1. For segment 17-63, with equal point scatterers placed on the C-alpha atoms only and solvent neglected, what are the log10 I(q)/I(0) values from the Debye formula at q = 0.17, 0.19, 0.32 1/Å, to two decimals?
2. Could you give the size of the charge dipole of segment 155-199 about its Cα centre, using +1 on the Cβ of each K and R and -1 on the Cβ of each D and E, expressed in debye and rounded to the nearest 20?
3. Rounding to the nearest 20 debye, state how big the charge dipole of the chain is about its Cα centre with +1 on each Lys and Arg Cβ and -1 on each Asp and Glu Cβ.
4. About its Cα centre, how strong a charge dipole does segment 186-231 have in debye, to the nearest 20, once Lys and Arg get +1 and Asp and Glu get -1 at the Cβ?
5. Based only on the alpha carbon positions, what is the Kirkwood hydrodynamic radius of segment 66-172, in angstrom?
6. Exactly which trypsin sites (Lys or Arg not before Pro) in segment 160-190 are in a DSSP loop and have at most 13 other Cβ atoms within 10 Å?
7. How big is the convex hull of the Cα atoms of segment 198-261, per residue, in Å³?
8. Simple spin-label model, 7 Å along Cα-to-Cβ: Ala240 to Ala225 in nm?
Amino acid sequence: MGPEETPLGRKRRARKINRVLAETYPYAVAELDFTNAFELLVATVLSAQTTDVRVNAITLALFAAYPDALAMSQAQPAALQEIIRSTGFFRAKAASLLALSNRIVDEYDGEVPGRLEDLVTLAGVGRKTANVVLGNAFGVPGITVDTHFIRLARRFGWTKETDPVKIEHAVGALFEPKDFTMLSHRVVFHGRRVCHARKPACGACPLTTLCPSYGEGETDETKAAKLRKYELAPGREELAAKMRAGATRRELRAQGYGLEA
């Protein structure tokens, strides 16, 4: 895992990490609530500079008011802004949602386009958002490079790049395209639950023998376990068991489980 690691060795180690993460998070999914491509596109645009939890808290009301691109294109800016206010930067986000909805209605017959080159021309949509939509709504493999993915790709020694597009291509060279979407989910899940930005829970990580950055965080197993979040947090064993058993996020909310950290 040091400077002597060969490209083949890096690829093999990367794929082993993916397998371990798959075993650790068999329930990994997009954490934004959606039922179709338009809802996922809107939710992902809203998730910029805020959390998925906060976005999920307002999208039920948002999509009840504006269920499709046509309805949202006809929204009054002030009314749209009020619904999404809690996500932050609500004026700019509302402007993006109105603009992208109008484009979808005018140029794509009201349907979200299923090509990256089209998606990235929509207001508020970059490669990250486009890959989220393609991978989760259209089944088109894509690597979603958000802040968690950037941090972990570098900690794992997959790349030294800092530019998201260069990271996407560098990591993509280590895996089969069919694995891109689920790899993205697993890495993000791990970043949110264990491999935190400020104090990673190294001692409670299943990747200790595979990660060249082991030791940057808390290595004591007991102390590290207390740093884990979401369903892996201490006291949430029942929630973790239900998720591993296949309960959906919607079912868990209906049962009264909070899915926030």
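Each value in this text was obtained by applying a stated rule to the coordinates, not by laboratory testing. What you see is a predicted model, and the numbers here were worked out from it, not measured in a lab. Here the Cβ positions follow ideal geometry from the backbone for every residue, glycine too, while neighbour counts run over all protein chains shown.
1. Relative scattering, expressed as log10 I(q)/I(0), comes to -0.56, -0.64, -1.13.
2. Numbers: 9 positive and 5 negative charges, 84 e Å.
Roughly 400 debye for segment 155-199.
3. With only Lys, Arg, Asp and Glu charged at Cβ, the dipole is about 980 debye.
4. Numbers: 9 positive and 5 negative charges, 53 e Å.
The calculation lands at about 260 debye.
5. Details: mean 1/r = 0.0655 Å⁻¹.
After inverting the pairwise mean of 1/r, the radius is 15.3 Å.
6. Values: sites: Lys160, Lys166, Lys178, Arg186; in loops: Lys160.
In loop regions of segment 160-190 (DSSP not H, G, I, E or B), the sparsely surrounded trypsin sites (Lys or Arg not before Pro) are Lys160.
7. Values: hull volume 6.3 nm³, N = 64.
Convex hull volume per residue, Cα atoms: 98 Å³.
8. With each label point 7 Å from Cα toward Cβ, the separation is 0.9 nm.
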